Amino acid sequence: MASSPPPGLHPALSTHQGFALLEEAGAVRNLLRDSVEVIRTLRFVSLHGDGVFMLGSIGVEKAMKVMLGCNEIEASGSWPSKATLRYDWGHDIQKMSQLLNTAIERGQARSTHTGYAETLADRISGSTTLPLLFATFARYGKSGRFHHLGILATNEPGSDESPSEYWERVEFHVRSTEPELAEVPYGDNQALDEYEVRLRDRIADELEAWWYCVHCLGVQGCFGDQGRKIGWEIWEPGRPEPPIVRN
């Protein structure tokens, strides 16, 4: 007989599953907090890019799987199987992002405040930076972390570009779409350093906004009753609402 879950968690989860879900939710909170911070402090991709890609890919993947899992409990009464987690979802953050957006769209009707949930959902779907950022994390998560090892093993250039080249697309997009970042102050080292801080802050803002919106959508009930509880767990207590969401 399955043991009872921790108080307040879903009856479909055993005690082991319940505590494992709480641990995963805590990992999401910690990883996304650190992901945002490491993007803000990024100066040289060649030196610090691996930390950005690693934390971002694992943090976003865990967040998506945790909330999609809560959504699956609401739909079928059980946590997704190991085969679903490993083979159907895998490390494909782009695919899971589509699944998450679909779950959000379908779950808005059961949210506590449908208008607010719609605003949060629009903030996610309206971002033109997130798809490029998630593509970078997906590339790293699926195979990019072994990009150069693959070249060593095969003596071939590889079938896809490196994660750092994906990151270049993220930065180019932000520079191209944000008027205040359109002009790069080449030739002035201090001005260039300050510019790069603002550039990376803008990218970090997008990830933090996504994290906050997913947290709030969970609390609002878009991922079911279990998602309401876990929505609180994935956000850092006392952390304020990101300004770009508030504005």
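The values are calculated or read from the model by the stated rules, or taken from the named source; none is laboratory data. No experiment lies behind these values; they were computed from the predicted model shown. Reconstructed Cβ throughout: ideal geometry from the backbone, glycine too, with neighbour counts over all protein chains shown.
Numbers for the structure displayed
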item: Residue 155, sole failed condition from (1) modelled with pLDDT under 95; (2) surrounded by fewer than 20 Cβ atoms within 10 Å (Cβ to Cβ); (3) at negative phi; (4) not small (Gly, Ala, Ser); result: (3)
item: Close pairs (8 angstrom Cβ cut-off, 6 or more residues apart or separate chains): aromatic (Phe, Trp, Tyr) in the stretch 41-53, surrounded by 14 or more Cβ atoms within 10 Å (Cβ to Cβ) anywhere; result: 53/136; 53/137; 53/140; 53/144; 53/145; 53/163; 53/167
item: Pairs where the first residue, in the stretch 220-247, is among the basic types (Lys, Arg) and the second is surrounded by 14 or more Cβ atoms within 10 Å (Cβ to Cβ) and not in a helix (DSSP H, G or I), C-beta under 7 Å, 6+ apart; result: 228/221; 229/9
item: Conditions (1) over 15 Å from the mean Cα position of the chain (by Cα); (2) at pLDDT below 95; (3) in a loop (DSSP other than H, G, I, E, B): number failed by residue 112; result: (2)
item: When residues of the stretch 101-115 are limited to those that are of a type in the set (A, V, I, L, M, F, W, C) and in contact (Cβ under 8 Å) with a residue 60 or more places away in the chain, the one surrounded by the most Cβ atoms within 10 Å (Cβ to Cβ); result: 104
item: Scope the stretch 74-104; condition at pLDDT 95 or above and of a type in the set (Val, Ile, Thr); matching residues; result: 102, 104
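Here is a yes/no grid of residues against (1) at positive phi; (2) within 22 Å of the chain's Cα centre (by Cα); (3) surrounded by 14 or more Cβ atoms within 10 Å (Cβ to Cβ); (4) at pLDDT below 95:
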{"site": "177", "(1), (2), (3), (4)": "no, yes, no, no"}
{"site": "181", "(1), (2), (3), (4)": "no, no, yes, no"}
{"site": "194", "(1), (2), (3), (4)": "no, no, no, no"}
{"site": "199", "(1), (2), (3), (4)": "no, yes, yes, no"}
{"site": "205", "(1), (2), (3), (4)": "no, yes, yes, no"}
{"site": "215", "(1), (2), (3), (4)": "no, yes, yes, no"}
